[in-house]
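Okay, structure first, notes after.
The values are calculated or read from the model by the stated rules, or taken from the named source; none is laboratory data. The model shown is predicted, which means the values in this text are computed figures rather than measured ones. No Cβ is skipped: glycine too gets one built from the backbone with ideal geometry, and neighbour counts run over all protein chains shown. Just the protein is used for accessible areas: all its heavy atoms, side chains included, with ligands, DNA and RNA removed. Shrake-Rupley method; radii C 1.70, N 1.55, O 1.52, S 1.80 Å.
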Amino acid sequence: MMDTPHVDIAGVGIGPFNLGLAALLSRHPGVTSIFLDRKAEFRWHEGLLLPGTTLQVPFLADLVTMADPTHPLSYLNYLHQHDRLYPFYYYENFQVPRREYDHYCRWASQQLPDCHFGEDICEVSYDASVDRFLIESQSVSGFKRHYYSRDLAIGIGTVPLLPKWAQVKSTAPVMHSAEFGKRQAQLAQCQRVTVIGSGQSAAECVLALFNELTPERIAAGASIRWVTRSPGFHPMEYATLHHFTYRPTMYGMAEQDDAAFFEWRSRQRVVIGHDTWIGHGAVIMPGVRIGNGAVVGSNSVVTKDVPAYAIVGGVAAKVIRRRFPQAISDALEATAWWDWDHDTLTERMPEFKDLRSFLAK
């Protein structure tokens, strides 16, 4: 392998980290590099590039700015090159839309000659005779290449994993959220969809599916279920949504978790009154109280307390109308008929169908 090229650093996989490293090294000609990825071009979480979703970090945390603010591959220069600098300024939001971040990274990768796409790394070994790593790659056409490198930057990311119970053949589609964007149209036609998971991706899938629902489909019985192990949601007022703020022991940052936070979360219980009707697929957020006799429409997301004998629906749920005038609602609550014994219920059963007779006694 006398003609095998030698570089200082080889990148295995081209995600945002290695792409940022390649961009920064492009301003240091004294360091030679090569970055390889099996994909035909840069793509970032294709299945979750959903409308309205953004990065969780401000635009300054792009590929280069925090390390080299004057770098030509900064996000601000990307906006300038695409005549979008002023629209972004008036956008008044530091979070970059995910679809635009994906396009920004692809734009940067196309200007970095050391980024080689369409090369699948077959093997990496260490050659002690030259004190270098030997990387073997293969192109789509089957052509093999070899590279020697002093150092490696491993950036292969994660692989979507379905638990064993989900790896079954089924007439109903079972998929990982990484495929959601590609199969969203198919899921939107399903009568019932269940999302299982406790992370941000699960929440975004649920919201996207809810946004696709129409009143006609809801009336026909369409529903969305979200199964999550989380007893509540993260505190929104902290500087970060990461749970090391209240579970520091998991990261070796403290000897005890935040007991006050968990005490607060344990108090955020949902209270459902008597004689309520909660439609299929409705989501009731922590701390919400559903009043006696209330009706919650199918697939509604209830974020605020529901008054007694109110009918609510929508995302987020709003009062559509009251079942009865306030005086009648108060009179019904005052009967507390749900506490009656069986004999009394049996005796008064016919009157339940005649509101005036029921309240007259």
Restricting the stretch 93-113 to residues that are farther than 12 Å from PHE59 by Cβ and among the charged types (D, E, K, R), the one surrounded by the fewest Cβ atoms within 10 Å (Cβ to Cβ) turns out to be ARG106
For helices (runs of 4 or more DSSP H) lying entirely in the stretch 46-165, having 2 or more residues that are more than 24 Å from HIS28 (Cβ to Cβ) picks out 85-91, 98-109
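If you go through the stretch 199-223, how many residues are outside any loop (DSSP other than H, G, I, E, B) and open to solvent by 50 Å² or more (accessible area, probe 1.4 Å)? Outline the logic, then answer.
From the stretch 199-223, those outside any loop (DSSP other than H, G, I, E, B) are 200-212, 215-219, 223; that's our starting set.
Those left that are additionally open to solvent by 50 Å² or more (accessible area, probe 1.4 Å): 200, 207, 211-212, 215-219.
Qualifying residue count for the region: 9.
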Those residues of the stretch 246-256 which are open to solvent by 60 Å² or more (accessible area, probe 1.4 Å) and either in a loop (DSSP other than H, G, I, E, B) or in contact (Cβ under 8 Å) with a residue 24 or more places away in the chain (or both) amount to ARG247, GLY252, MET253, GLU255, GLN256
Exception for ARG269 within (1) open to solvent by 70 Å² or more (accessible area, probe 1.4 Å); (2) part of a helix (DSSP H, G or I); (3) of a type outside the set (Phe, Trp, Tyr) falls at (2)
Counted residues in the stretch 171-188 being assigned to a helix (DSSP H, G or I) and either open to solvent by 40 Å² or more (accessible area, probe 1.4 Å) or among the hydrophobic types (A, V, I, L, M, F, W, C) (or both) come to 9
How many residues of the stretch 1-41 are aromatic (Phe, Trp, Tyr) and either open to solvent by less than 20 Å² (accessible area, probe 1.4 Å) or without any contact (Cβ under 8 Å) to a residue 12 or more places away in the chain (or both)? The answer is 1
Checked against (1) open to solvent by less than 30 Å² (accessible area, probe 1.4 Å); (2) without any contact (Cβ under 8 Å) to a residue 24 or more places away in the chain, TYR78 satisfies every condition except (2)
